[in-house]
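Some notes on the structure that comes next.
Throughout, read-outs are computed from the coordinates displayed, never taken from laboratory work. Since the structure is predicted, the reported quantities are computational estimates derived from the model, not experimental observations. Here Cβ is always computed from backbone atoms with ideal geometry, including for glycine, and neighbour counts include all displayed protein chains.
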Amino acid sequence: MTMTLKAKQRRRQRRRAIAYVVITAGWAASIWLGATLTPPGWLHAIALFIHLASLVVSLGAVLAVEWYGLLWATEWRSVRDVARIDITMKLPIWTGLVGLLASGALLQPDLASPATFVKLGAVLIASLNGVALTRWTDRLSRFPRKLRFRALPRKARTWYVASAVVSQVAWWTAVIIGMLNSTT
Ligand code: HEM
């Protein structure tokens with residue numbers, strides 16, 4: 001079956017819209033469960049392990065993609081390499097994020113603390129930004145394989161850089177607050 005580019009774009013738009021809703025619902029469910037559940041100590045310990053393992057998988061994969069993006073922008077890698085790693089890393093990124101939301105629900109988040117509030121906001125921003133980004137990353141595989149980052153229109157370059165910056169800031173905010181919350 002052949003699909004016109006327009007039809008494909010519409011389908012991708014629909015998928016993104018569904019992803020925004022599913023992610024926001026998952027995030028809200030995780031917080032709601034976190035406020036409700038009081039798991040025993042042993043389960044808390046297992047959940048913390050899953051939390052950190054998911055963090056390694058997810059943020060590790062995000063870093064790989066964004067590192068390749070940076071290498072493309074500085075002309076050490078081709079746009080084709082970025083497109084490939086982007087597709088390859090989709091599964092670990094989103095699996096890890098689901099793991100973070102699921103395990104976070106068992107860690108008894110202190111929802112009265114402003115730091116936790118900021119952390120959960122950062123988690124939502126990182127996730128929604130990840131979906132929004134696909135509007136740009138889906139295009140990578142259609143670009144000529146040797147297209148230089150510099151050859152893109154300014155607006156496109158700005159979008160790529162801005163979404164990578166938002167992603168990194170949101171992720172590290174969540175990581176740092178998570179760490180502070182558990183050590184203080
Ligand atoms: C992008 C998503 C997330 C990241 C990067 C992240 C990161 C972290 C990190 C680095 C820690 C520190 C663990 C330690 O040093 O022992 C932590 C702990 C924690 N996280 Fe998350 N987290 C995320 C999502 C969530 C969510 C959605 C919730 C709750 C609904 C949550 C609740 C907690 C709690 C309560 C702790 C403290 C656990 C304890 O010390 O017993 N996290 N997180």
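Miscellaneous remarks
- Some residue of segment 110-119 being closer than 19 Å to residue 23 by Cα, in contact (Cβ under 8 Å) with a residue 12 or more places away in the chain, within 11 Å of the ligand (Cβ to nearest atom) and not β-branched (Val, Ile, Thr): yes
- Within segment 48-61, being out of contact with any helix residue (DSSP H, G or I) (no Cβ under 7 Å at 6 or more places or on another chain) and near the ligand (Cβ under 8 Å from one of its atoms) holds for 48, 52.
- Within segment 11-32, residues that are in a helix (DSSP H, G or I) reach partners that are among the hydroxyl-bearing types (Ser, Thr, Tyr) with beta carbons closer than 7 Å, at six or more positions or on different chains, in the pairs 16/134; 23/127; 27/127.
- Residues that are within 18 Å of residue 44 (Cα to Cα) and either outside any helix (DSSP H, G or I) or hydroxyl-bearing (Ser, Thr, Tyr) (or both), drawn from segment 91-117: 103, 105, 106, 107, 108, 109, 110, 111, 116
- When residues of segment 1-27 are limited to those that are of a type in the set (Gly, Ala, Ser) and surrounded by 13 or more Cβ atoms within 10 Å (Cβ to Cβ), the one farthest from residue 136 (Cα to Cα): 26
- Note on segment 98-109: residues that are within 6 Å of the ligand (Cβ to nearest atom) and either among the aromatic types (Phe, Trp, Tyr) or within 20 Å of the chain's Cα centre (by Cα) (or both) amount to 4.
- Meets criteria (out of contact with any strand residue (DSSP E or B) (no Cβ under 7 Å at 6 or more places or on another chain) and closer than 30 Å to residue 29 by Cβ) for residue 99: yes
- Residue within segment 125-133 that is surrounded by 14 or more Cβ atoms within 10 Å (Cβ to Cβ), in a loop (DSSP other than H, G, I, E, B) and among the aliphatic types (A, V, I, L, M) present: no
- Residues of segment 88-111 satisfying the condition of being over 16 Å from residue 181 (Cα atoms) and not hydrophobic (A, V, I, L, M, F, W, C): 88, 90, 92, 95, 96, 99
- For segment 120-132, the set of residues classified as small (Gly, Ala, Ser) and more than 11 Å from the ligand (Cβ to nearest atom) consists of 132 only.
- Candidates 29, 45, 64 - the one that is over 18 Å from residue 132 (Cα atoms), within 10 Å of the ligand (Cβ to nearest atom) and under 21 Å from the mean Cα position of the chain (by Cα): 29
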